[in-house]
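Student: Dropping the structure in here first, questions after.
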Ligand SMILES: NC(=O)c1ccc[n+]([C@@H]2O[C@H](COP(=O)([O-])OP(=O)(O)OC[C@H]3O[C@@H](n4cnc5c(N)ncnc54)[C@H](O)[C@@H]3O)[C@@H](O)[C@H]2O)c1
């Protein structure tokens, strides 16, 4: 198959590289000339484990190339994927479809023969029909079908997710489009990964429902965690105890500082708007959005408590600022709420993140970037684990505590335990949803 992939961000680039690895001929297009120049030079503009090697292999094999020339890429393609961004529209929470519709019109004008125009971007129900109308309007003689093929890959594990998906969802209107899509995903079909072939609207809805459900699961456990802290329960034990129930499942039950990232915040917001517009309010999703915000702000109070009520004059080391490990993506990361509150409160903030600096520098003004957690902890009053990169999972806690002016830790990912922290000499340790560890101060001991 000849495939054009419009948009080479996290989804477009991974999809293009993986399709070429299936054996298809893929041309990846982006309107950002810097991105294309990097890709043509063999460099990957994002951090995604394994992507560089797979990309190099397929470029070498002559199945994968990059261009800014959309018309040249679309010429002769049997399938054109649209994988451009659908961020939250300013002001109203809707998905901004400007990039999708602009790409669709450009594709329409470039079509030279029958092609399936496939929307991979996450788009509200009804968008594929709008794409169809827009293409027909821009090029009335175009021979084409549309298909909806939402993507479920997770950043940080994107290649594995694409190559071994839980399922592939394809929404089509015609048999011909269904056949093209089946041919594209044949390698997965042969290995018996489930392919759900359905109508356009259901495919579009599946993506939003899936993300809203996962965001709900995370938010549920985060709210239970807050209650655990009050009643003396340990949320890690609770997650384990409920997750072993096959009807519940153990994934997405890790309590933390609130969900973030490039998808959940914008997709829950878009689904809430779609519900309101159709007079079917999605009250659960609306509540999840509100509670997630409360969770993020609760983290700030947790940190303030560990700093004796004020950030002013304190030195705080923050380990991890990307929205999760193994990505450089900072979109809607909890750090973007938490770190500015520390800086605004008068703290001196040092940040360590294995990949976050390139994007993070502009987003987190007023912090110092360091490479080494122990240097960041030197004379600090508090260490905060905000993203559970492997680099922060096996710290020498004794060494860390020794470096600090006041050895206190906020472990917002529950990487360590109160016992670990106490043994290492930390004076205070607070995780999520478990009893806080605070050693009595010498003065307290003296008075009994
Ligand atoms: N990032 C994820 O983990 C993820 C997972 C599943 C689904 N999605 C969805 O996939 C879509 C893309 O997300 P992303 O994170 O890859 O976005 P991104 O912002 O990383 O990439 C989008 C790319 O499209 C390019 N672009 C925009 N308009 C273009 C045009 N007309 N022609 C050529 N290139 C154009 C931009 O320059 C950019 O490089 C979104 O709808 C998102 O919701 C993302």
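Each value in this text was obtained by applying a stated rule to the coordinates, not by laboratory testing. Here the structure is a predicted model, which is why all the values come from computation and not from measurement. Backbone-built Cβ (ideal geometry, glycine too); neighbour counts: all protein chains shown.
Student: Would you give the gap between the C-alpha center of region 320-372 and the C-alpha center of region 24-44, rounded to a whole Å?
Tutor: Taking the Cα centre of region 24-44 as reference, the centre of region 320-372 is 28 Å away.
Student: To the nearest 500 deg cm²/dmol, what mean residue ellipticity at 222 nm is calculated for the chain from DSSP H runs of n ≥ 4 alone, each contributing -39,500 (n - 2.57), summed and divided by the residues? Please list the in-between numbers first.
Tutor: Details: 19 runs with 202 residues, N = 448.
That comes out to -13500 deg cm²/dmol.
Student: Please check: in the Gaussian network model of the chain (C-alpha springs, under 10 Å), which one of 284, 385, 316 has the largest mean-square fluctuation.
Tutor: 284
Student: For 116, 168, what ranking results if the residue with the fewest other Cβ atoms within 10 Å of its Cβ goes first?
Tutor: Taking fewest neighbouring Cβ atoms as first place, the list is 168, 116.
Student: I've got another one for you. Over every pair of different alpha-carbon atoms in region 13-137, take the mean of 1/r and invert it; report that Kirkwood radius in Å. Walk me through the intermediate numbers first.
Tutor: Working: mean 1/r = 0.0647 Å⁻¹.
Over region 13-137, the inverse of the mean reciprocal pair distance is 15.5 Å.
Student: Can you give the % of DSSP beta bridges in the chain that are antiparallel, to the nearest 5? List each step's numbers first, then the result.
Tutor: Working: 5 of 49 bridges.
Beta bridges within the chain, antiparallel portion: roughly 10 percent.
Student: Rounded, prolate or oblate: pick one for region 375-448, where a ≥ b ≥ c are the square roots of the eigenvalues of its C-alpha gyration tensor, a/c under 1.5 means rounded, and failing that, prolate if a/b is larger than b/c, else oblate. Could the numbers behind the result be given before it?
Tutor: Details: a/c = 2.22, a/b = 1.44, b/c = 1.55.
Note, shape of region 375-448 comes out oblate.
Student: While we're on this one: Taking the Cα centroid of region 265-287 and of region 151-209, what is the distance between the two, rounded to the nearest whole Å?
Tutor: A separation of 24 Å, based on Cα centres.
Student: With angles folded into 0 to 90 degrees, how steeply does helix 10-22 sit against the dominant principal axis of the chain? Use alpha carbons for both and round to 10.
Tutor: 60
Student: Among 365, 418, 49, which one moves the most in a GNM of the chain with springs linking Cα atoms closer than 10 Å?
Tutor: 365
Student: Cut-off is 10 Å between beta-carbons; in what order do 114, 416 appear when sorted fewest neighbours first? Present the calculation step by step, with values, prior to reporting the outcome.
Tutor: Details: 114 13, 416 20.
Going from sparsest to densest Cβ surroundings: 114, 416.
Student: Starting from the Cα of residue 175, step 7 Å along the direction of its Cβ; do the same at residue 56; then give the gap between the two resulting points in nm.
Tutor: Result for the modelled spin labels: 4.7 nm.
Student: Measure out, as a whole number of angstrom, how far apart the alpha-carbon centroids of region 75-133 and region 388-440 sit.
Tutor: 47
Student: Cα gyration tensor of region 86-161, axes a ≥ b ≥ c as square roots of the eigenvalues: rounded (a/c below 1.5), prolate (a/b > b/c) or oblate?
Tutor: Values: a/c = 2.49, a/b = 1.39, b/c = 1.80.
Oblate shape, in that a/c is at least 1.5 and b/c is the bigger or equal ratio.
Student: Got the relative contact order for region 104-234 handy, in percent, Cα pairs under 8 Å and 6 or more residues apart?
Tutor: Numbers: 164 pairs, mean separation 32.1, N = 131.
Rounded, it is 24 percent for region 104-234.
Student: While we're on this one: Test of understanding: ordering 348, 314 by Cβ neighbours within 10 Å, fewest first, what list do you get?
Tutor: Numbers: 348 18, 314 23.
So the residues, fewest neighbours to most, are 348, 314.
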